[in-house]
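Everything below concerns the one structure shown next.
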Amino acid sequence: MTQTAPITQDVLTIPRKMPEGPINLVGLTREQMREVLIAHGTPEKQARMRVGQIWQWIYQWGVRDFGEMTNLSKAFRAELAESFVIEIPEVVSKQVSEDGTRKYLVRINGGHEVEVVYIPEDSRGTLCISSQVGCTLTCSFCHTGTQKLVRNLTAGEIIGQVMMARDDLNEWPEQGARNVEGRLLSNIVLMGMGEPLYNFENVRDAMKIAMDAEGIQLSRRRITLSTSGVVPEIARTAQEIGCQLAISFHATTDEVRDRLVPINRKWNLEVLLEALRSYPKVSNSERITFEYVMLKGVNDSDADAHRLIRLIEGIPAKINLIPFNEWPGAPYERSSNNRIRAFADIIYNAGYASPVRTPRGEDIMAACGQLKSATERARKSRREIEADAGLGD
């Protein structure tokens, strides 16, 4: 198993001036919003109250027009409209799968695009959001990993994906009403394009907005952050966000994980697992989800299943087994159904939940590991992809 893939992509830097003109209030923390209001003439004694009022209009009721904020004076609304805007990413296209999964291509500042996926289920609706344009990592089984990193998303561009989906689902509550249980968008997973923990502050601020009791009002237990194993930021995630944690694990030896998830060469299995043992205690998380993509002849043996059980011993955990979602030029194949079932049985018999994830949205390339912006993609041949994955001669 020769290893040729770098830990991270070469970063493609694109000079970007921040937009001139009115300030976008979406994505600002409460304190940041208070500061910009004061800087634009709001009396300091009134600023905190004004933040609370504007916050509810934007995040609880989905209002984008200052003129509709009827508990503010007409004069103040006019002042706001002169200095500020309320803008979210623009939907470029929407595809709907046969199974009801929706995939959105959205455009952000600079003309870049990211993908967002909404997955409806009987008991909940999950929105898979992106944290970067492209990805810093080079996980060899992941389509997104073949696209170079362009830049991190801002907090506004991250929470804006949630607001965009609520627009499309038409489920902003009536003004004055509270959010209700049973809503269509009930869960968020940071499993789209990018490594969230390489954009920690923006992800944190966006998720704080999602969890705010006077805004979108999602419980931290309904937010799951998926990381490939950026160990120094795992403790910060527990302390500063406190959401559920998922780990892109995918292998039971350093040799195999070095190839599948190259960041393992920076923080190997031993170091990663040590960090994970502390997470539930700090975050009060019920358990950690170990994501494990099933690759034929690579990581799907009985021996792998038994090693996995030994590695996670003592960690409250469930193991999500993910049939590999193939993409054009992919250097791997999906494990057979029989092999996946046998692997799952070993995990289950050891006392762990081992659900096999049902692939969703495959017909529109919206399944796990398939997201990749059509306009940003680096078009590689199968031979180039295999060489990056260490599968060449």
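With R₀ set to 41 Å, the beta-carbon distance separating A39 from E333 gives a calculated FRET efficiency near 0.10.
Taking amide H as placed 1.01 Å from N in the peptide plane, R287 has no amide H partner under 5 Å among residues 5 or more places away or on another chain.
The protection proxy used here, the mean number of other Cβ atoms lying within 10 Å of each residue, ranks peptides 336-344, 20-28, 183-191 as follows, highest first: 183-191, 20-28, 336-344.
Amide H to amide H distances under 5 Å link N24 with V85, where only residues 5 or more positions off or on other chains count and H is placed in the peptide plane. The modelled label-to-label distance for the pair S301/R48, using points 7 Å beyond Cα in the direction of Cβ, is 6.2 nm. Computed from phi, the 3J(HN,Hα) profile of the stretch 118-124 under the Karplus parametrisation 6.51, -1.76, 1.60 (θ = phi - 60°) reads 10, 10, x, 9, 4, 9, 6 Hz, with x in place of Gly and Pro. Amide H contacts for V293 (H built 1.01 Å from N in the peptide plane; partners 5 or more residues away or on another chain; cut-off under 5 Å): H250, I322.
How would you rank 44-52, 216-224, highest first, on the average number of other Cβ atoms within 10 Å across their residues?
216-224, 44-52
Extension gain, D254 to R357, is 34.6 nm, computed as 0.36 nm per intervening residue step minus the present C-alpha separation. Here the Karplus relation 6.51 cos²θ - 1.76 cosθ + 1.60, evaluated at θ = phi - 60°, turns the backbone of the stretch 246-258 into coupling constants of 10, 10, 6, 8, 6, 7, 10, 10, 4, 4, 6, 5, 4 Hz, with x for every Gly and Pro.
Ranked by the mean number of other Cβ atoms within 10 Å of their residues, highest first, the peptides 301-308, 109-116, 152-159 come out as 152-159, 109-116, 301-308.
Read the figures in this text as sums done on the coordinates, not as results from a lab. Given the structure is predicted, the values throughout are model-derived calculations rather than measurements. All Cβ positions, even for glycine, are placed from backbone atoms using ideal geometry, and neighbour counts span all protein chains on display.
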